[in-house]
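Peer 1: To start, I am sharing the structure in question, which I have written as C-alpha cells.
Since every read-out is calculated from the coordinates, none of them should be taken as a lab result. Values in this document were obtained by computation on a predicted structure and should not be read as measured data. Using ideal geometry, Cβ is built from the backbone for each residue, glycine included, and neighbour counts are taken over all protein chains shown.
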Amino acid sequence: MQRKYLEFKKKEKNLSSTKSKILLVYTGGTIGMVKDYNSGALKAFNFKKLLKNIPELNQLDCDVKSISFKEPIDSSDINTAHWIHIAEIIEKYYRVYDGFVILHGSDTMSYTASALSFLLENLNKPVILTGSQLPIGDLRTDAKENLITAIQIASLKERDRSVVREVGLYFEYKLYRGNRTTKINAEHFQAFASRNYPHMMESGVHLNVQKEYLLKPNNRKKCIVHKQLDTNVAILKLFPGITENVLESVLNTKELKVLVLETYGSGNAPTEAWFLNALKNAVKKGMHIINVTQCSGGGVIMGQYETSEQLKKLQIINGKDITTEAAITKAMYMLGTGISDKLFKTIFETSLRGEMS
Ligand code: ASP
C-alpha cells in the first residue's frame with residue numbers, strides 16, 4: 001500500500017527519557033481545515049501550518065512528535081484502508097511512544113474509534129481520538145482544549161504505567177470509551193454521547209479519572225495488530241412501511257455476509273410472514289444477521305416481546321447494547337479474522353473490547 005503519511009520534526013532519539021512520549025497522528029477533519037475563499041467551504045489544511053497555531057504544545061510536560069496523512073481527509077472519506085493504515089502507524093511506533101493521539105474529523109470518529117479498538121488486540125497504551133467542531137484557527141474554536149487535554153490524557157501515568165490502556169475518544173471535557181460513542185450533534189461542541197457506558201474521565205479544574213470504568217488489559221499479553229477487515233457487511237434501519245423489495249434486495253446483495261439490522265426499541269421487528277421468511281432464508285444461506293436497536297440508549301432484549309421472540313428463534317444474533325458503529329466494525333473485524341460461521345454468533349455476543357455490557 002502506498003505510504004500515506006509523512007514524518008517530520010526531530011528523530012525519536014531526541015526524545016527525553018523521563019517525560020511521556022506522545023505521537024500525534026493527523027488524519028484530517030475540521031480541526032485542521034481552512035476556508036476556501038472561492039467557495040466558502042472548509043477543506044483540509046497543511047498540518048505543519050496547523051501546529052504553528054498551537055504554541056501551547058511546547059508548554060506541555062511531555063514530548064510530542066507528529067506525523068500526518070500526506071493528504072489529510074474529511075472523515076467522510078475514511079475507509080477501511082485508512083483504519084489499517086492508522087493501526088500500522090501505531091504498530092510501527094508502539095515501542096517508541098507512551099501514547100497516541102489521533103486527530104480525526106468528528107463525522108466518522110466513532111466508527112474509526114470502534115474499528116481501531118478491534119484492530120488493536122491487547123492494547124496496553126492509550127490511543128485517544130479527538131477533533132473539533134470549529135477549525136483551530138477560529139476565534140471560538142473548541143480545538144485547542146480538545147487537543148491539549150487529549151495529549152495530557154495520553155501522557156497520564158501511574159506507577160510508570162499508562163492510566164488509559166484502550167482506545168478512547170476525548171471531546172468537550174469528556175473521555176469516552178471509543179467503541180461506545182456515537183456522534184449526536186452537528187452543532188453543539190458536545191458532539192458525542194456514550195449512552196450505554198459512563199465516561200471515563202472528565203476535565204474540569206482537575207482531570208477527574210473514573211478508574212473503575214477503564215479497561216484493565218493484561219499487560220503481559222503482547223499487542224497484536226490485525227490488518228484485515230472484510231467489508232461485505234451492511235446496515236439496514238427498519239421503518240414502518242419497509243417493503244419486501246427493499247429487504248430482499250439488501251439480503252440478496254452479492255457477497256454480503258453480515259447484516260446489522262437496526263430494529264425498534266428493545267430489539268423488536270415486524271412479525272409479518274414475508275419479513276420473517278426473508279430473514280429465515282438468509283440465515284439458512286449462511287448470512288449473519290445482528291439485532292441492534294435504533295434507540296440511542298438501552299439495548300436489545302431478545303424475547304422480551306413477541307416481536308423479538310421470533311428473531312431469537314431464527315438465530316438472529318443479539319447485539320445487546322452495542323452501538324451500530326461498533327457492531328459494523330466488529331463484524332468487519334471478525335470476518336477479517338476468518339472466524340468460522342459456527343463460532344460467529346457466540347463470539348459476536350461476547351464483549352471483546354468492552355463494546356457491550
Ligand atoms: N466533516 C468534518 C469531518 O468529519 C467534520 C469534523 O471534523 O468535525 O472531517
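Peer 1: With a Cα-only, solvent-free Debye model of the range 72-184, what are the log10 I(q)/I(0) values at q = 0.13, 0.21 Å⁻¹?
Peer 2: Debye curve over Cα of the range 72-184, log10 I(q)/I(0) at q = 0.13, 0.21 Å⁻¹: -0.45, -1.19.
Peer 1: Another question, then. Have a look at the DSSP beta bridges in the chain and tell me what percent are antiparallel, nearest 5.
Peer 2: Taking every DSSP beta bridge with both residues in the chain, the antiparallel ones total about 40 percent.
Peer 1: Let me ask something else about it. List the aspartates and glutamates whose Cα sits under 18 Å from the Cα of LYS157, skipping any in the same chain fewer than 8 residues away.
Peer 2: Leaving aside aspartates and glutamates fewer than 8 places away in the same chain, those within reach of LYS157 are ASP61, ASP63, ASP98, GLU166, GLU202, GLU212.
Peer 1: Using Cα springs under 10 Å in a Gaussian network model of the chain, which residue among GLY32, GLY299, GLY336 shows the largest mean-square fluctuation?
Peer 2: Most flexible of the set in this elastic network: GLY336.
Peer 1: Express as a percent, rounded to the nearest 5, the fraction of DSSP beta bridges in the range 237-357 (both residues included) that run antiparallel.
Peer 2: Close to 10 percent.
Peer 1: Mind checking the alpha-carbon convex hull of the range 49-138 and giving the volume per residue in Å³?
Peer 2: 109 Å³
Peer 1: With n ≥ 4 as the cut-off for DSSP H runs, can you work out [θ] at 222 nm for the chain, using -39500 (n - 2.57) per run divided by the number of residues, rounded to the nearest 500?
Peer 2: -7500 deg cm²/dmol
Peer 1: Given the options ASN218, ASN196, ASN185, which has the most mean-square fluctuation in a GNM of the chain, springs set between C-alpha atoms less than 10 angstrom apart?
Peer 2: ASN218
Peer 1: Still on this structure: Out of the range 257-357, which trypsin sites (Lys or Arg not before Pro) are coil in DSSP terms and have no more than 15 other C-beta atoms within 10 Å?
Peer 2: LYS285
Peer 1: A further question on this structure: Compute, for the chain, the length of the dipole vector about the Cα centre, with Cβ point charges of +1 (Lys, Arg) and -1 (Asp, Glu) only. Units Debye, rounded to 20.
Peer 2: For this selection, approximately 1400 debye.
Peer 1: Can I ask one more? Using 26 Å as the Cα-Cα cut-off, could you pick out the over-long pairs in LYS70/LYS254; LYS92/LYS222; LYS48/LYS330?
Peer 2: Pairs exceeding the cut-off: LYS70/LYS254; LYS48/LYS330.
Peer 1: Can you compute the equivalent ellipsoid semi-axes for the chain, i.e. the square root of 5 times each eigenvalue of the Cα gyration tensor, sorted largest first and rounded to whole Å?
Peer 2: So the three semi-axes of the chain are 37, 22, 19 Å.
Peer 1: Of ARG165, ARG95, ARG177, which is the most mobile in a GNM of the chain whose springs link Cα atoms less than 10 angstrom apart?
Peer 2: ARG95
Peer 1: What aspartates and glutamates sit close enough to LYS284 to cross-link, taking a C-alpha to C-alpha distance under 17 Å and skipping anything fewer than 8 places away on the same chain?
Peer 2: Answer for LYS284, where 17 Å is the Cα cut-off: GLU248, GLU255, ASP341, listed by chain and number.
Peer 1: Give me the tail of P(r) for the range 238-342 as a percent: Cα-Cα pairs with distance above 21 Å.
Peer 2: 31 percent
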